[in-house]
Amino acid sequence: MKRSTDCFAAFLYVVSILLVVYTCGEVTDNLEEGSTDGAFLNHLKNELNVLDTQKSLLPKAAPCEDNDDCGNGVCSKKFCRCYLGASGDSCEIIDQCESKEVECGSAICALGEKGQAYCRCEYISQGYDYDTKTCKACNCGDKSIHCKFENGTKTCFCKGGYAQRFSECAGRCDGASGSKCGNGGTCNNGICHCPKGTTGDYCYDVDWCEDSRCGNHYETQCVYDPETTMGKCKCREENSVYDDKVKDCFECDCGPLGNCTFVNGSKICKCPEGYSIRDSKCEKCDCGKDESTLCILRYSYKECRCKKNYSERTGYFPKYGKDTRCA
């Protein structure tokens, strides 16, 4: 709409020039004929006034090299074209600020979307309070664009892909794009709501794990424990175990049924009932559940410690084959 108005004003300006040229021709012809009638001179004066009026309707624009030369606009074909809500040769005027329709006190009156003016503070750590018309501390984190107060409520304006969560800008969660909430967090309106003991945009930061509580080795990791709402240290490799004393992981294999731990730097295997340790692994060791008190696996043989009235015997047993048992 603005462009068509500008073109119409330019058209009127050109027409006015043509009229003046035509009128000047008439005046010249009459003067040559010796006319003393002042009507032609008055007519010329009126046409010049019309010309000035039409010229004032032409859009003003300052020459520019790039967009930096046009405050609230763009540089197009070497001239500034202003955004909606801005004016001036270099688009330096924000209309609602100039007319005092929007007053910001000591804050900055800026041009927002759709040509609407708004108040912002000089520092990103401050937010504008529309009630008191002052800037005050308002930190929405490093993912925010700016912050404001309205009716006493803090509002964060966040960068693309982020939204306000409590008092800061946080990453938006969206299962479809792969940004999911971790550690049992739930996604609500694009924001992760984290369980107790976790923080971060997607709840992956565990409070207990701060300050390298599990050491600084790649093999170790600190994970969230939902039962305690705290963290715990574990190893990345399945056959490794964490030693809390030295805060590191060591290979620890006690067999598929053994439970391996490190205590004060020493490996300890705990075997289930019916198994015993041989060569640092749990192996089946049965001397008779009711007849024995202990089954021990040596390097090349099995040793049975038997209850009273039973003795260790090595030989062939119909049910077990060749074995050592209490009988």
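The values are calculated or read from the model by the stated rules, or taken from the named source; none is laboratory data. No experiment lies behind these values; they were computed from the predicted model shown. Backbone-built Cβ (ideal geometry, glycine too); neighbour counts: all protein chains shown.
Report every pair of residues separated by at least 6 positions or lying on different chains whose Cβ atoms are under 9 Å apart, first residue within the range 95-111 and part of a loop (DSSP other than H, G, I, E, B), second of a type in the set (A, V, I, L, M).
Hits for this filter: GLU101/ALA117; VAL102/ILE94; VAL102/ALA117; CYS104/ALA110; CYS104/ALA117.
Looking at the range 73-85, which of its residues are over 23 Å from CYS135 (Cβ atoms) and either in a strand (DSSP E or B) or of a type outside the set (A, V, I, L, M, F, W, C) (or both)? It would help to see each step written out before you state the result.
Within the range 73-85, the first condition is being over 23 Å from CYS135 (Cβ atoms), and the residues that meet it are 73-84.
The answer is GLY73, VAL74, CYS75, SER76, LYS77, LYS78, PHE79, CYS80, ARG81, CYS82, TYR83.
Which numbered condition trips up ILE277, out of (1) in a loop (DSSP other than H, G, I, E, B); (2) at negative phi?
Failed condition: (1).
For ARG298, are the conditions met, namely being surrounded by fewer than 15 Cβ atoms within 10 Å (Cβ to Cβ) and at pLDDT below 80? Steps first, answer last, please.
Working: surrounded by fewer than 15 Cβ atoms within 10 Å (Cβ to Cβ): yes; at pLDDT below 80: yes.
So ARG298 fits the description; yes.
Tell me, please, whether a residue that is surrounded by fewer than 18 Cβ atoms within 10 Å (Cβ to Cβ) and either among the aromatic types (Phe, Trp, Tyr) or closer than 30 Å to SER300 by Cβ (or both) can be found in the range 217-235.
yes
Does the range 253-262 contain at least one residue that is in a loop (DSSP other than H, G, I, E, B) and under 21 Å from THR220 (Cβ atoms)? Before the answer, list the steps.
Filtering the range 253-262 for residues in a loop (DSSP other than H, G, I, E, B) gives 253-258.
Next, from what is left, pick out any that are under 21 Å from THR220 (Cβ atoms): 253-254.
Within the range 253-262, one or more residues are in a loop (DSSP other than H, G, I, E, B) and under 21 Å from THR220 (Cβ atoms).
Look through CYS140, CYS181, CYS135, CYS156 and report the one residue that is at pLDDT 85 or above, part of a loop (DSSP other than H, G, I, E, B) and closer than 16 Å to TYR123 by Cα. Give the steps one after another, and end with the answer.
Numbers: CYS181 fails: closer than 16 Å to TYR123 by Cα; CYS135 fails: part of a loop (DSSP other than H, G, I, E, B); CYS156 fails: part of a loop (DSSP other than H, G, I, E, B).
Going through CYS140, CYS181, CYS135, CYS156 in turn, just one is at pLDDT 85 or above, part of a loop (DSSP other than H, G, I, E, B) and closer than 16 Å to TYR123 by Cα: CYS140.
Please state which one of LYS159, LYS143, LYS148 is of a type in the set (D, E, K, R) and touching a Cys at 6+ places or on another chain (Cβ under 6 Å). Before you say what the answer is, go through the steps one by one.
Working: LYS159 fails: touching a Cys at 6+ places or on another chain (Cβ under 6 Å); LYS148 fails: touching a Cys at 6+ places or on another chain (Cβ under 6 Å).
Selected residue: LYS143, the only one of LYS159, LYS143, LYS148 that is of a type in the set (D, E, K, R) and touching a Cys at 6+ places or on another chain (Cβ under 6 Å).
Among the residues in the range 217-224, are any in a loop (DSSP other than H, G, I, E, B), over 30 Å from ASN239 (Cβ atoms) and free of Cβ contacts under 8 Å to residues at least 24 places away in the same chain? Write out each step before concluding.
Just the residues of the range 217-224 that are in a loop (DSSP other than H, G, I, E, B), to begin with: 217-219.
Then keep just the ones that are over 30 Å from ASN239 (Cβ atoms); that gives none.
The answer is no, given that none of the residues of the range 217-224 is in a loop (DSSP other than H, G, I, E, B), over 30 Å from ASN239 (Cβ atoms) and free of Cβ contacts under 8 Å to residues at least 24 places away in the same chain.
Scan the range 185-199 for residues that are surrounded by fewer than 17 Cβ atoms within 10 Å (Cβ to Cβ) and assigned to a loop (DSSP other than H, G, I, E, B) and report the count.
Qualifying residue count, the range 185-199: 4.
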